1. Which one of these is closer than 25 Å to Ile198 by Cβ, out of contact with any Phe, Trp or Tyr (no Cβ under 7 Å at 6 or more places or on another chain), among the charged types (D, E, K, R) and at pLDDT below 95: Arg121, Arg112, Arg76?
2. Would segment 85-105 turn up any residue that is part of a strand (DSSP E or B), hydrophobic (A, V, I, L, M, F, W, C) and loosely packed, with under 14 Cβ neighbours inside 10 Å?
3. Exactly one of (1) out of contact with any Lys or Arg (no Cβ under 8 Å at 6 or more places or on another chain); (2) outside the structural domain of Leu83 (by TED's automatic domain parsing) is unmet by Val155. Its number?
4. Looking at segment 167-191 only, could you name the residues that are at pLDDT 90 or above and in contact with an Asp or Glu (Cβ under 9 Å, 6 or more places away or on another chain)?
5. Would you check if Ser93 is among the small types (Gly, Ala, Ser), touching a residue at least 40 places away in the same chain (Cβ under 8 Å) and outside the structural domain of Glu201 (by TED's automatic domain parsing)?
6. Condition check: farther than 30 Å from Tyr65 by Cα and either among the polar types (S, T, N, Q) or surrounded by fewer than 17 Cβ atoms within 10 Å (Cβ to Cβ) (or both). Does Tyr124 satisfy that?
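The values are calculated or read from the model by the stated rules, or taken from the named source; none is laboratory data. Just so you know, these numbers come straight off a predicted model, no measurement behind them. Backbone-built Cβ (ideal geometry, glycine too); neighbour counts: all protein chains shown.
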Amino acid sequence: MGSVLRLVGSLLFFLFFLSGCAVGPQTPVPIGEMGEQEAPPSSLASLSPSYVIQSGDELEIKYYYNTELNEAVTVRPDGRISLQLVGDVQAASLTTNELTAVLKEKYSTTIRDPEIAVLVRSFYAQRVFVDGEVKIPGMVEMGGYMTIMQSIASVGGLLDSAKDGKVLVIRRNGLKKPLVMTVDVAAASDGSDITQDITLEPYDIVYVPKSAIANVNTFVDLYIRKNIPINFSYGFFNQVN
């Protein structure tokens with residue numbers, strides 16, 4: 001019984017220590033005047049590559065000095081588009097700048113100094129995925145501009161067990177190796193660092209991990225309550241005393 005009491009005492013001390021380590025919200029700072037949008041921190045901005053064209057996207061191809069060639073095309077399931085004079089061109093897995101460079105090269109044989117712009121008129125895959133310590137994990141339709149806080153709100157918000165200071169955003173965006181960003185949603189929520197509320201891109205995965213105290217509760221449930229035949233109640237401690 002003495003070893004059990006020592007285990008319980010150590011656990012309670014550990015829980016008390018964790019609760020004492022919690023830090024309250026920082027003093028909010030002014031967000032800025034209406035209409036202004038601050039640039040994200042360089043550490044986050046560097047991890048945000050240009051949008052990669054996907055099958056199903058609708059593109060607008062503009063020729064500045066040959067407007068008769070202007071047209072809107074949809075990227076086929078095989079990733080290609082069909083254009084006048086040059087035929088089929090691979091578009092999926094390229095950024096708009098990369099596709100522009102490809103088109104300039106192809107049209108240079110028929111047009112002198114072609115000036116071309118590629119615009120994405122509509123995104124076929126406007127959805128992100130939110131998982132982890134949120135109320136209703138799952139897919140979220142973007143419908144346009146969406147920030148990380150908006151995506152979390154769309155799935156019912158965070159659970160009490162969420163570690164909102166280190167939310168992960170996993171971004172493939174056509175890249176061979178995914179990018180992983182750590183975002184402080186707590187700082188964005190209390191206004192101390194609104195730049196943490198980054199803009200999401202199609203196919204982003206937002207993962208909210210468990211807090212330290214939630215992991216402790218899991219430890220208590222798995223390794224103490226289910227393995228030690230003790231009733232953690234007032235009655236137990238009353239019997240010991």
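1. Arg121
2. No - not one qualifying residue is present in segment 85-105.
3. Going through the list (1) out of contact with any Lys or Arg (no Cβ under 8 Å at 6 or more places or on another chain); (2) outside the structural domain of Leu83 (by TED's automatic domain parsing), Val155 breaks only (1).
4. Val167, Val169, Val183, Asp184, Val185, Ala186, Ala187, Ala188, Ser189
5. Judged against the criteria, Ser93 is a match.
6. Considered against the rule, which asks whether it is farther than 30 Å from Tyr65 by Cα and either among the polar types (S, T, N, Q) or surrounded by fewer than 17 Cβ atoms within 10 Å (Cβ to Cβ) (or both), Tyr124 comes out as no.
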